[in-house]
Structures are given as C-alpha cells and as structure tokens.
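**Q** Questions regarding the structure given below will be posed in turn.
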Amino acid sequence: MEGAYLDHAASTPARPEVVEAMLPWLAEHPGNPSGAHAEARAARRAIDDARDLVAALVGAQPGEVVFTSGGTEADNLAVDGVVRSTGRLPVCSAVEHPAVLAPVAEAGGIVVPTDAGGRIDLGALAEVLHAVGGIGLVSVMLANNETGVVNDLDAVAALLVEAASDVVLHTDAVQAAAWMELEVACRGAGLVSLTGHKLGGPKGAGALVVRSGVPLAPILRGGGQERERRSGTQNVPAIVGLGEAARLVVADRATTVERVGALRDRLEAGLLAVPGTRRTVPVGTPRTPAIAHICFDGVESESLLFLLERDGVSASAGSSCASGAQEPSHVLAAMGVERGSALGSLRLSLGHASDDGDVDHALAVIRSAVSRLREHDPVGGSA
C-alpha cells in the first residue's frame with residue numbers, strides 16, 4: 001500500500017550511512033571503551049571520533065560533549081545537574097518538553113508564559129529575573145517539538161547577561177539540530193541538548209554539550225565515564241551512529257533545508273485550501289522548515305489519525321511523548337489555542353527522506369478524511 005511517513009519530529013529513519021557505520025561496532029568489535037586492551041582502545045577511539053563530529057555540529061570543543069542515552073537524559077542532566085551543583089532555582093518556558101518541565105517542577109522552579117506564537121515572553125522572563133533571587137538556570141528550547149516554532153536565544157542570553165550574568169542558559173536543540181546552524185543559534189547557551197533519532201541517527205544516543213565553566217553535578221554515578229559527568233558504559237554503536245548523523249547534517253543541511261521547506265510549504269498550502277482549516281502558528285512566527293501544524297474545524301484529531309493510518313499516512317496530534325492523551329497539549333494551551341481547535345489539530349513533520357510522493361499522498365488522504373468526518377458530524381459537535 002502506498003504510504004507517507006509524516007512523523008519525523010517523533011523519530012526520523014536512520015540514514016543508510018549511519019547504519020553502515022554502526023554495523024561493525026555491533027558485530028565485530030566487542031571492546032568496552034573503559035578497558036585497556038586493543039579492542040577497548042579501538043572503541044574509545046571510535047567514541048572520540050564521534051565526539052569530534054558532534055562538537056562540530058554545535059561549534060563546541062570535543063571535551064564539552066557528554067554522551068547520554070538521548071534527549072530526555074540530556075535535558076534531565078542539564079536541569080538537575082545545575083540545580084544540584086548550585087542549589088539554585090531553575091526557570092523554563094511553558095512549552096518545554098516534559099523532560100525539562102518535570103525536573104523544573106520537582107526543583108520548585110518557575111515556568112514563564114509564551115506569546116501566541118509559542119515563543120517565550122521576554123518581558124515576563126525579564127520580570128522573573130529581576131524579581132526572584134537565587135536563579136541558577138534558564139531553559140528555553142531552540143525549536144518546539146510540536147509546532148517547530150523557533151526562539152531567539154540571543155535575546156534570551158542578552159536578558160541573562162543584563163539581569164544576572166552567572167545564570168546558565170540551557171537549550172533543548174533536539175528539534176533544531178537537523179535544520180539550523182547550532183554554532184550560531186546556540187552561541188549564548190552554556191548547555192545544549194541533542195539526540196540522534198531526530199537527525200537521522202539511532203535511538204538510544206544523545207548528548208549534552210556542557211560549555212567550559214558551567215557547574216554541573218552528575219545524576220548517574222558509578223564508573224566515572226564521560227569525565228565524571230555521566231557514568232555508565234558508553235553505547236559505542238549508537239554513539240558512532242550519532243557522530244555519523246551529525247557529520248551528514250553538517251555536510252548537506254543547506255540543500256536539505258531548502259528541499260524540505262518547499263515540501264512543507266506545498267503540503268501546508270494544499271491543506272489550507274480546505275475550508276475551515278488554518279495554521280496553528282501565526283503567520284510570521286519563525287519556524288523550522290520541517291513541521292506543519294494545522295487545525296481542522298469540526299474534526300477530532302483522534303478520529304482523523306485513525307483514518308489517516310488506515311490509508312497509509314503516519315502523523316500525530318502533537319508530541320509523541322504525549323500520544324494517546326485526550327486533552328490538548330500543554331504547548332497549544334500555552335499558546336492560547338482554543339480547546340476545540342486544539343482537539344482538531346494535526347502535526348505533520350517531514351525529514352531528510354521525505355519527497356513529493358509523500359506530500360501528494362498525504363494531501364489526497366487528509367482531504368478525503370476531513371471531508372468524511374465532517375459529513376459524519378457536520379456541526380463539529382464532538383469539540
């Protein structure tokens with residue numbers, strides 16, 4: 001059956017070069033990188049090579065790259081690590097990934113609202129920075145995982161310098177790494193979270209970039225790997241895959257961004273031609289080129305997704321981390337999206353493997369499904 005995978009923001013396929021780079025470390029090289037013999041040294045060199053490639057992706061020094069099991073662990077390490085090291089409060093935006101929101105809440109931290117586009121309210125952040133003492137960390141994601149909306153980290157960093165220069169800026173760059181030049185976009189951040197499976201790498205490998213001088217206590221303790229910042233035997237195959245994915249992103253980002261952005265725009269334009277359909281994100285709000293977030297009047301996203309899957313279209317109603325939830329996502333709530341509209345929203349996300357056939361198939365299937373659901377419930381009473 002013809003299909004279209006449009007859930008790359010949840011997980012994008014590993015690129016063939018990544019799989020090829022990983023295979024020897026799955027089948028041929030068993031060495032533990034903490035050992036002293038030849039196989040162990042080979043594994044350690046492979047990790048160091050991957051560390052160089054991830055550092056180049058972000059514009060960091062290799063020694064600043066701490067490998068983790070993924071983005072969630074990287075976010076947890078950033079928030080908990082600074083809180084434990086400094087004893088100070090964390091602050092974050094209302095649209096952060098739960099991997100940031102949960103540790104911020106547990107630490108008694110502060111959540112700052114966003115504007116209607118889902119970007120952090122800089123005025124509200126400035127008020128918090130001036131009114132509350134003892135803040136040690138501010139976490140603002142570079143690109144949102146549901147909407148693709150991009151924050152201005154330079155503006156956030158400028159506020160921190162003005163209000164309290166010793167506050168660390170952390171950014172979850174998981175959704176931005178494949179699409180933006182992190183060396184520029186994250187230059188003001190002391191901590192940067194990444195993961196492999198959002199940029200053509202494997203699941204199970206991520207990284208936290210820890211700039212020199214940033215206070216960070218480990219949350220996993222044991223053998224002292226990753227320069228005492230993250231204990232545990234490193235996942236050599238996955239780390240090698242993450243490094244190769246980072247190399248490929250740097251090599252072809254410009255052409256991929258242009259191509260995928262054109263596909264997203266065509267998909268979006270085709271859907272917006274359907275009556276009672278609108279973009280969730282206000283026009284003019286900066287976004288990555290990969291995500292179209294659409295609201296369909298008179299349609300429940302749960303029912304829509306069922307019909308889409310039946311006809312070979314893989315999409316989501318929001319973050320995959322909240323899939324199956326019956327309430328609108330916290331991201332749309334923070335943006336002030338009306339509940340009925342939020343319950344009829346759809347996230348369509350593209351990736352390096354997306355093509356015109358995906359867009360054509362998705363447009364045909366989604367238009368048909370929306371029409372069918374509206375005929376079944378013409379007044380949209382389910383909202």
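**Q** Rounding to the nearest 10 and keeping the result within 0 to 90°, find how far the Cα-based axis of helix 356-376 lies from the longest principal axis of the chain.
**A** With rounding to tens, the tilt is 50 degrees.
**Q** Could I ask something else about it? Kindly put 313, 249 in sequence by how many other C-beta atoms sit within 10 Å of each C-beta, fewest to most.
**A** 249, 313
**Q** Follow-up. How big is the charge dipole of region 130-282 about its Cα centre, in debye rounded to the nearest 20, if each Lys and Arg gets +1 on its Cβ and each Asp and Glu gets -1 on its Cβ? Provide the component values of the computation, followed by the final result.
**A** Working: 15 positive and 15 negative charges, 90 e Å.
Dipole about the Cα centre, nearest 20: 440 debye.
**Q** Further, regarding this structure: Grab every C-alpha pair in region 258-351, bin the distances at 5 angstrom width from 0 up to the longest one, and report whole percents.
**A** Histogram of Cα-Cα distances, whole percents per bin: 3, 13, 24, 28, 21, 10, 2, 0.
**Q** Next up: Need one number: nm distance between label points at residue 227 and residue 105, each 7 Å from Cα along Cα→Cβ, rounded to one decimal.
**A** 3.4
**Q** Another one. For every other residue with a beta carbon closer than 10 angstrom to the beta carbon of residue 219, add +1 if it is Lys or Arg and -1 if Asp or Glu, then tell me the sum. Walk me through the numbers before you get to the answer.
**A** Numbers: positive: 84, 221, 229, 230; negative: 73, 80.
With Lys, Arg at +1 and Asp, Glu at -1, the net is +2.
**Q** Roughly how tilted is helix 16-27, in degrees to the nearest 10 and between 0 and 90, from the longest Cα axis of the chain?
**A** Once rounded, one gets 50 degrees.
**Q** Given charges of +1 on the Cβ of Lys and Arg and -1 on the Cβ of Asp and Glu, with all other atoms neutral, how large is the dipole of the chain about its Cα centre, in debye to the nearest 20?
**A** Charge dipole, the chain, about its Cα centre: 540 debye, nearest 20.
**Q** Using the Karplus curve 6.51 cos²θ - 1.76 cosθ + 1.60 with θ = phi - 60°, what ³J(HN,Hα) values do you get for each residue of region 78-91, in whole Hz, with x for Gly and Pro?
**A** These are the phi-based 3J(HN,Hα) values: 4, 6, 5, x, 6, 4, 5, 6, 9, x, 10, 7, x, 10 Hz.
**Q** Suppose we look only past 24 Å in the calculated P(r) of region 16-249. What percent of the Cα-Cα pairs does that tail hold?
**A** Summing the P(r) of region 16-249 above 24 Å gives 41 percent of all pairs.
**Q** Okay, moving on. Compute the acute angle (0 to 90°) between the alpha-carbon long axis of helix 153-163 and the principal axis of greatest extent of the alpha-carbon atoms of the chain; round to the nearest 10°.
**A** 60
**Q** Now a separate question. Test of understanding: ordering 135, 120 by Cβ neighbours within 10 Å, fewest first, what list do you get?
**A** 135, 120
**Q** Sequence-distant or interchain residues sharing an amide H contact under 5 Å with residue 195, placed H: which?
**A** 207
**Q** With point charges of +1 on the Cβ of Lys and Arg and -1 on the Cβ of Asp and Glu, referenced to the Cα centre of region 16-249, which listed residue (241, 47, 113) lies farthest in the positive direction of the dipole?
**A** Working it through, the farthest residue towards the positive pole turns out to be 47.
**Q** Go ahead and collect, in residue order, the members of region 31-45 whose backbone nitrogen is under 19 Å from a label point 7 Å along the Cα-Cβ direction of residue 20.
**A** none
**Q** Per DSSP H run of at least 4 residues, take -39500 (n - 2.57); add these up for the chain, divide by its residues and hand me the 222 nm value, nearest 500 deg cm²/dmol.
**A** -13500 deg cm²/dmol
**Q** Using the 10 angstrom Cβ neighbour count as an exposure proxy, how do 179, 25 rank, fewest first? Please report the intermediate quantities before stating the final value.
**A** Working: 179 26, 25 21.
Arranged by neighbour count, lowest to highest, 179, 25 become 25, 179.
**Q** In the Gaussian network model of the chain, springs joining C-alpha atoms below 10 Å, which of 254, 157, 131 carries the largest mean-square fluctuation?
**A** Evaluated over the chain, the most mobile residue of the options is 131.
Every read-out reported here was derived from the displayed coordinates using simple, explicitly stated rules and does not represent laboratory data. Because the structure is predicted, anything quoted here is derived from the model rather than measured. Every residue, glycine as well, gets a Cβ built from its backbone with ideal geometry; the counts of neighbours run over all protein chains shown.
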